[in-house]
Amino acid sequence: MTELPGETPGSSQGHTGADVTSETPIPRDNPVRRLYDWVLHWADTRYGVPALFLISAAESSFFPLPPDPLLLALCLGAIRKSLKFAAVCTVASVLGGMVGYAIGAGGWHIAQDWFFAYVPGVSQEAFEGVRDFYDDNGFAAVFLAGLTPIPYKVFTLASGVFNINFGVFVLASILSRGFRFFLIAGLVYKFGRPIERFIDLHFDKLVVFFSLLFVGGFIAIEFFL
């Protein structure tokens, strides 16, 4: 897509209506679909970037939908600003992750019942499922959660609950969240609108592939050193 003079992130071309997270359309009367449409509608307003920041931050601890669809829509609406949008998304997501860490570390005994009852993806079973992974390698756990479709909020909260090293948590979050969001923005920046369909269909496969490479690197280090 060629960017038009004076084009802004809130232009109508930015709102693709495409579903980044699912190949099968969600019915319009579905509450998740309505929330998804609400997220995407910000791309058609002057508040697209502030909305991207707030949604990215909130998704790291309690908001049920990822910021990827809005990021993609904004990038397609103003291609030359794609990397800026990715930076906003990354900073906000990491800051939101820090909030999630603080909730887990300082107030989980108060907040856990609310999270388990009302936040999709956050459950007692999910927490128990990541405990052993943390014990083996906390950095890899946070990195993979920040990069892949695994709910990142589960790991931000659990990082505080399990008292993972805060510096390790922040570094892993920056690397993984940055990689995920800059991958979307970089593909749009390089290829423009023709890459949209490819991202819709194959983005999760891409991040899983790179995640496997990352884990393979850890295994190689353990085996050869």
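The values are calculated or read from the model by the stated rules, or taken from the named source; none is laboratory data. All values derive from a computational prediction rather than experimental measurement. Cβ: placed from backbone, ideal geometry, glycine included. Neighbour counts: every protein chain shown.
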So, in the stretch 32-58, exactly how many residues are crowded, with 23+ Cβ neighbours inside 10 Å and of a type outside the set (A, V, I, L, M)? 3
Can you spot a residue in the stretch 74-96 that is closer than 11 Å to Leu157 by Cα and surrounded by 16 or more Cβ atoms within 10 Å (Cβ to Cβ)? yes
Which one of these is under 11 Å from the mean Cα position of the chain (by Cα), assigned to a helix (DSSP H, G or I), closer than 23 Å to Ile55 by Cα and modelled with pLDDT of 85 or more: Gly186, Gly146, Gly178, Gly160? Gly178
It is to be established whether one or more residues within the stretch 99-114 are surrounded by 17 or more Cβ atoms within 10 Å (Cβ to Cβ), assigned to a helix (DSSP H, G or I), in contact with a helix residue (DSSP H, G or I) (Cβ under 6 Å, 6 or more places away or on another chain) and in contact (Cβ under 8 Å) with a residue 60 or more places away in the chain. yes
Does Ser61 count as within 24 Å of Val119 (Cα to Cα), modelled with pLDDT of 90 or more, under 15 Å from the mean Cα position of the chain (by Cα) and surrounded by 16 or more Cβ atoms within 10 Å (Cβ to Cβ)? no
With respect to Val130, is the statement that it is hydrophobic (A, V, I, L, M, F, W, C), at pLDDT 75 or above and surrounded by 14 or more Cβ atoms within 10 Å (Cβ to Cβ) true? no
